[in-house]
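The values are calculated or read from the model by the stated rules, or taken from the named source; none is laboratory data. Bear in mind the structure is a predicted one, so any value in this text is a computation, not a measurement. Cβ placement follows ideal geometry from the backbone for every residue including glycine, while neighbour counts extend to all protein chains displayed. Please note that ligands, DNA and RNA were not included when accessible areas were found on the heavy atoms of the full protein model with its side chains. Shrake-Rupley method; radii C 1.70, N 1.55, O 1.52, S 1.80 Å.
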Number of protein chains: 4
Amino acid sequence: MDVLLGREGRSLHLKAAGGATAVLAITMLTGSWAVVAAEEGARNANLTTYPRALWWSVETATTVGYGDFYPVTPWGRVIGAVVMVVGITTYGIVTAALATWFVGREDRRRRRMARSVEEAVHKLSDETANALHERFDRVERMLSTKGEPEAGAG
Amino acid sequence: MDVLLGREGRSLHLKAAGGATAVLAITMLTGSWAVVAAEEGARNANLTTYPRALWWSVETATTVGYGDFYPVTPWGRVIGAVVMVVGITTYGIVTAALATWFVGREDRRRRRMARSVEEAVHKLSDETANALHERFDRVERMLSTKGEPEAGAG
Amino acid sequence: MDVLLGREGRSLHLKAAGGATAVLAITMLTGSWAVVAAEEGARNANLTTYPRALWWSVETATTVGYGDFYPVTPWGRVIGAVVMVVGITTYGIVTAALATWFVGREDRRRRRMARSVEEAVHKLSDETANALHERFDRVERMLSTKGEPEAGAG
Amino acid sequence: MDVLLGREGRSLHLKAAGGATAVLAITMLTGSWAVVAAEEGARNANLTTYPRALWWSVETATTVGYGDFYPVTPWGRVIGAVVMVVGITTYGIVTAALATWFVGREDRRRRRMARSVEEAVHKLSDETANALHERFDRVERMLSTKGEPEAGAG
């Protein structure tokens, strides 16, 4: 069950990071195609071929933005804004997932410690209970033994 | 009460992320208007219309910065610096909030484990206490039973 | 002591975030002055005045990089690289400090829960111990009371 | 063993941050050389010397991207994309490692508290057990003492 929970918990931030990366890849591939379509025929348009647009989507999603290519039409800019936001959000998710993974590794250690504490408490409780039961055994033996000679004396 | 505390705690980083996003949106919208006003009439100014300035605010807040548009006046640059800093701070807050959310999901698991430990300790304590009380019942019965035949024998 | 530890712990990531921000501000102010000195007299140099260099340091530290100003000399580029690296490291530290602060807020809740568990365990242990002591009182009373009539009967 | 675990745990995110920084440095040094080789002889190529390419790799890896230098050939752009992705991933890892370090510092405090709770529980259990054993000693003394005068009376 612990293993199952571990798998379930791990899959949230792993799934989020993997999913965001996949969404980013799709956004870049379709965004490159869409921006060429949007820019087509515009004056001063420089995003005119798919390979160039793909390179543009890489420098846009990574927020490098050399300025060698950029959209000049309203729809091209909307597509650019989507690529930027998806790119940034993906890095945020990946960074947060990495932090969660690192912290989780540290926690496994702490969980091990918690378990050892738990075992120590259980062991202690068991030992105390056993010692008290032995004392009861002795008192009961004393009570039965004393009852007999008294009866014999009576 | 636990649910209330959970809601209170969750709202801090969610509120921070939501609030920062709202502040960023307002900064971009008003910054675009302000930068056009600041740049108006300046030599070599390229941020001359609101739609362009809005696009500029997007590439500035996301730190892409193609260089197709940029402020050239002191006040325009102050506005640009504000948009940059608000943008970066917002991603930092959102990333931190995401990490907290991921870590919190992992913690819910740990809390469940802590609760099961607690329950185990309680159960163990109760069982030990019950066993000891039963021993006392037996000793007391032995003491009362032995008192009677002794009195009869006396 | 708990309050003292709380203050000590909080000050680490707060101090780191505050210190990094201060180092970034100093790096930007002195870097702007140094880059003008380094670029002075170079061919095609565009970072020629302190106000321009200050604006350049803002767009460099935030990694926006419009490309309206940039260093063209080796020393100017070394200074630029320092401003970039200090800028990026500062955002990393601030984001990590924010995450720690958010997670710490969540933990205060958990600590409260841990304390309540602790109190429950103490209370339970005390109650069990008191109940057992009462049983001992009764057994001892039974032993003394029975001793007397027996002695009278003997 | 605790010290060993601490060292093992600490080394994960420290190793990841150190390793990523080393990979980034190697990527930048070899990427600068490779981009010059890829761009050589291309029309409008501006990345023509190693010192320029090194400066380009710095502004690319930090995502500043002034646009003073950028690759224009397919292979040059592939190398640029690699430098961007390695750069961004490194900051993500460093930020996550910083967050883990900050959170770990906070946790050391909490671990101290957990240890004090553990000690308190142990002390309490020991005290309870000792008190009950003393009661048993008294009951047993009462049982032996009463047995003797009774035997003498009989």
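Measuring max minus min along each principal axis, the C-alpha atoms of region A:2-104 give extents of 61, 21, 21 Å (largest first).
Measuring from each Cβ of chain D to the axis carrying D onto C, the nearest residue and its distance in whole Å come out as D:Gly67, 3.
Starting from the label point of A:Gly41 at 7 Å along Cα→Cβ, the same points in the other copies fall at 4.0, 4.0, 5.7 nm, in ascending order. What the phi angles of region C:27-41 give under the Karplus curve with 6.51, -1.76 and 1.60, with θ = phi - 60°, is a coupling list of 4, 5, 5, 6, x, 4, 5, 5, 5, 5, 5, 5, 7, 3, x Hz, glycine and proline written as x. Computing Rg and the Kirkwood Rh from the Cα coordinates of region A:10-59 gives a ratio, Rg/Rh, of 1.20. Estimated at the nearest 10 Å², the accessible area of A:His133 is 40 Å² with a 1.4 Å probe. For region C:57-66, putting each phi into the Karplus relation 6.51 cos²θ - 1.76 cosθ + 1.60 with θ = phi - 60° gives couplings of 5, 5, 6, 7, 5, 8, 6, 6, x, 4 Hz, in residue order, rounded to whole numbers and with x for Gly and Pro.
Placing a label point 7 Å from the Cα of A:His133 along the Cα-to-Cβ direction, the distances to the matching points in the other copies come to 1.8, 1.8, 2.6 nm, shortest first. If I take R0 = 30 Å and measure r between the Cβ atoms of A:Leu29 and B:Thr48 in this structure, what FRET efficiency does the formula 1/(1 + (r/R0)^6) give, to the nearest 0.05? So the FRET efficiency works out to roughly 0.30.
Total buried accessible area between D and A, probe 1.4 Å, nearest 100: 4000 Å².
For peptide D:23-32, the mean count of partner chain Cβ atoms within 10 Å of a residue's Cβ comes to 0.
Can you work out the FRET efficiency for the pair B:Glu140 and D:Arg108, with r the C-beta to C-beta distance and R0 = 56 Å, to the nearest 0.05?
0.65
Per-residue shielding of B:52-60, expressed as the average number of other chain Cβ atoms within 10 Å of the residue Cβ, stands at 4. Looking at region B:2-104, the accessible area is 44 square angstrom per residue; that uses a 1.4 Å probe and ignores ligands, DNA and RNA. Across identical copies of the chain, C:Ala22 has label-point separations of 3.4, 3.4, 4.8 nm, listed in ascending order, with the point defined 7 angstrom from Cα along Cα→Cβ. Look at the stretch B:14-20: the mean tally of other chain Cβ atoms within 10 Å of its residues' Cβ atoms is 1.
Panel values: region D:66-112, Kirkwood radius from alpha carbon pairs, Stokes-Einstein at 25 °C and 0.890 mPa s, translational diffusion coefficient 183 µm²/s. Here the Karplus relation 6.51 cos²θ - 1.76 cosθ + 1.60, evaluated at θ = phi - 60°, turns the backbone of region C:128-138 into coupling constants of 4, 4, 4, 4, 5, 5, 5, 4, 4, 4, 5 Hz, with x for every Gly and Pro. Across region C:2-104, the mean sequence separation of Cα contacts (distance under 8 Å, 6 or more residues apart), normalised by length, yields a relative contact order of 33 percent. Per-residue accessible area (protein heavy atoms, 1.4 Å probe) orders C:Arg52, D:Arg108 as D:Arg108, C:Arg52, starting from the largest.
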